[in-house]
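J.: The structure follows.
A short reminder: the numbers here are calculations on the coordinates, not readings from a lab. A quick note: this is a predicted structure, and the numbers were derived from the prediction, not measured. Backbone-built Cβ (ideal geometry, glycine too); neighbour counts: all protein chains shown.
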Amino acid sequence: MSKFTVSTIIAYPIEEVFSCFIKLAKEPFNKFNEENPIGAKSKRVARKTKSGDIYMETSVTDYIKNEAYETKTMFLSSEYKSRYEFKDAGDGCTEILLTESQDLYGIMNKIGFFFQSLTAKKKIQKKLNGAVEALEDKIIKERNKKENKN
């Protein structure tokens, strides 16, 4: 198993960050209970081949309001976990930690993983940066909605 963690700080309070994060995270799921989403599943085509579609299934495996959100994705013979943790960084800011882990089975997957691991931290940081950008956009939209209602 490989495991990599990256983090960043966002200048919004933890409750607002987590609320908007969950609104974004639930989009690919058909059934998603915001109070307890553990067990929610999403299945989509990851790759098309001549012999048929290859699917990827994602499920929510952990959820603690304002603290953690974790998913597990199964693709072929590999298991990927993404865990987001949210911590109060003081002064109305939130630290977001993203931990990605991967279990690979079979010798070819392990060889492929060795080469992927050389760039993994950069890819995970890029994923977190993209999530933060989407999150900041969502927070601003939510704040604008509230302002327009008043």
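J.: Residues of region 57-81 being among the aliphatic types (A, V, I, L, M) and closer than 15 Å to ASP103 by Cα, which ones?
T.: Answer for region 57-81, where residues must be among the aliphatic types (A, V, I, L, M) and closer than 15 Å to ASP103 by Cα: MET74, LEU76.
J.: Still on this model: For residues in region 5-33 being surrounded by 13 or more Cβ atoms within 10 Å (Cβ to Cβ) and charged (D, E, K, R), which is nearest to the chain's Cα centre (by Cα)?
T.: Ranking the qualifying residues of region 5-33, first place goes to LYS26.
J.: Just one of GLU34, GLU16, GLU27 is free of Cβ contacts under 8 Å to residues at least 12 places away in the same chain and within 23 Å of GLU133 (Cβ to Cβ); which is it?
T.: Residue meeting the stated conditions: GLU27.
J.: So which residues in region 34-68 are among the polar types (S, T, N, Q), loosely packed, with under 12 Cβ neighbours inside 10 Å and closer than 28 Å to LYS141 by Cβ, if there are any at all?
T.: Correct list: ASN36 only.
J.: Another question about this same structure. May I ask you to list the residues in region 59-96 that are in contact (Cβ under 8 Å) with a residue 60 or more places away in the chain and over 14 Å from LEU135 (Cα atoms)?
T.: Selection gives LYS87, ASP88, ALA89, GLY92.
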